[in-house]
Amino acid sequence: MFAYSSRELGPSLLFIAAGLVVIALIAVFVVWRGKRRGSRTLVIDAALTVSGWWVTLSALSAIVFVIKIFATDWAEIASTPLWIPWPSDLACSDEFEVTGAVLQCGGGTIENITVRGASLGLRALAGAAQISSLAFATMPAAMIMVICFQTLRGRAFSQTVSRALTIGGIGVLAFGLASDIFGSIAATAGLREVFPPDSEWYPMTFQLSVTPLPFAGALGLIALAAVFRQGLRLEQEKLSLQQERDSLLKDTQGLV
């Protein structure tokens with residue numbers, strides 16, 4: 001949720017700690033206000049507030065990403081592993097028998113690229129990757145918000161919750177895959193814009209990679225949706241039995 005880079009370790013840790021403190025302060029304020037009002041759902045109130053802020057800030061960030069595509073001339077491509085060969089003048093060896101420490105010839109991966117003077121197409125690809133990654137990370141907060149809101153309404157086990165979880169599972173899978181694929185395509189396209197085809201840094205192939213996290217997240221949300229559907233079914237059965245008992249009791253009282 002929080003990302004910050006610096007040459008020194010201290011500022012990065014302080015930035016992340018500040019974000020966590022803000023979330024904690026929001027939760028503490030909600031709990032304090034709930035206690036003053038005599039609320040019996042303090043944890044749900046706090047979860048609803050934090051998740052609501054999370055979704056709101058993510059929506060604002062998505063708008064910023066869209067504006068950045070058209071308002072800037074640079075593209076940020078982050079968290080996308082891309083393998084590139086080492087330059088030819090780097091001292092390395094392919095021999096199996098060596099007399100001392102030597103670097104094995106090969107390549108390495110880069111994960112953060114910023115391309116200045118990028119084309120609109122590259123900026124659009126990078127923006128799509130960022131928006132997809134943001135939506136993927138925001139889906140759990142949106143699901144928590146729906147569950148807490150319906151619970152406070154007294155409808156924790158409802159079709160609205162189960163449908164939202166199912167849609168959320170599909171969204172997690174779709175946005176997670178889009179984030180990985182768009183990011184990989186943007187990284188390769190970015191290097192192709194920077195280096196000429198005869199450069200040793202020019203990527204000849206597109207290196208697409210997909211992590212298992214979207215599949216695991218989608219499976220978890222869909223399984224949770226099935227749990228809520230089962231809970232709704234049990235509640236409906238209990239309600240039906242209660243109505244039958246009330247009807248039978250009225251009939252018995254009429255006979256007496």
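The charge dipole of the stretch 160-256, taken about the Cα centre with unit charges on the Cβ atoms of Lys, Arg (+1) and Asp, Glu (-1), comes to about 420 debye, rounded to the nearest 20. Ordering S88, A156, A18 by Cα displacement along the dipole of the chain toward the positive end leaves A156 in first place; charges were set at the Cβ atoms of Lys, Arg (+1) and Asp, Glu (-1).
Under a Gaussian network description of the chain, with springs only between Cα atoms under 10 Å, the residue in D94, D73, D198 that fluctuates furthest is D94. Per residue, the chain exposes 65 Å² of solvent-accessible protein surface, assessed with a 1.4 angstrom probe and all protein chains in place.
Scanning the chain for trypsin sites (Lys or Arg not before Pro) lying in DSSP loops with no more than 10 further Cβ atoms inside 10 Å, the longest uninterrupted stretch between such sites is 41-152.
Look at where the Cα atoms of the stretch 15-64 and of the stretch 163-210 average out, and the two centres are 33 Å apart. The accessible surface of the chain, taken with every protein chain in place and a 1.4 Å probe, is 66 percent carbon and sulfur. The residue among A47, I63, A128 whose Cα reaches farthest toward the positive pole of the charge dipole of the chain, with charges on the beta-carbon of Lys, Arg, Asp and Glu, is A47. Backbone geometry of the stretch 163-179 corresponds, through the Karplus equation with coefficients 6.51, -1.76 and 1.60 at θ = phi - 60°, to 3J(HN,Hα) couplings of 5, 4, 5, 5, 4, x, x, 5, x, 4, 5, 5, 5, x, 5, 4, 4 Hz, x marking Gly and Pro.
Given C-alpha coordinates of the stretch 101-256, what is the ratio Rg to Rh with the Kirkwood estimate of Rh? Mind showing how you got there, number by number?
Numbers: Rg = 26.4 Å, Rh = 19.8 Å.
Answer for the stretch 101-256: 1.33.
Once the piece of chain linking R40 and E95 is laid out straight, how much longer is it, given 0.36 nm per residue of separation minus the C-alpha distance between them?
Numbers: separation 55, 0.36 × 55 = 19.80 nm, distance 7.05 nm.
So the chain would gain 12.7 nm between R40 and E95.
Between L241 and F70, the simple spin-label model (points 7 angstrom out along Cα→Cβ) gives 5.9 nm. Of the residues T109, L249, A218, the one whose Cα sits farthest towards the positive end of the charge dipole of the chain is L249 (charges of +1 on Lys and Arg Cβ, -1 on Asp and Glu Cβ, taken about the Cα centre). Rounded to the nearest 10 degrees, what's the angle between the helix 9-37 long axis and the longest principal axis of the chain, both from Cα atoms, 0 to 90? Its long axis makes an angle of about 10 degrees.
For the chain, with only Lys/Arg (+1) and Asp/Glu (-1) charged at the beta-carbon, what is the dipole magnitude about the Cα centre, in debye rounded to 20? Could you put the intermediate results ahead of the total?
Working: 18 positive and 18 negative charges, 408 e Å.
The calculated dipole for the chain is roughly 1960 debye.
The values are calculated or read from the model by the stated rules, or taken from the named source; none is laboratory data. Small disclaimer: the values here were computed from a predicted structure and weren't measured. Note: ideal-geometry Cβ built from the backbone for every residue, glycine included; neighbour counts use all protein chains shown. Keep in mind that these areas ignore ligands, DNA and RNA; they rest on the heavy atoms of the full protein, side chains included. Shrake-Rupley method; radii C 1.70, N 1.55, O 1.52, S 1.80 Å.
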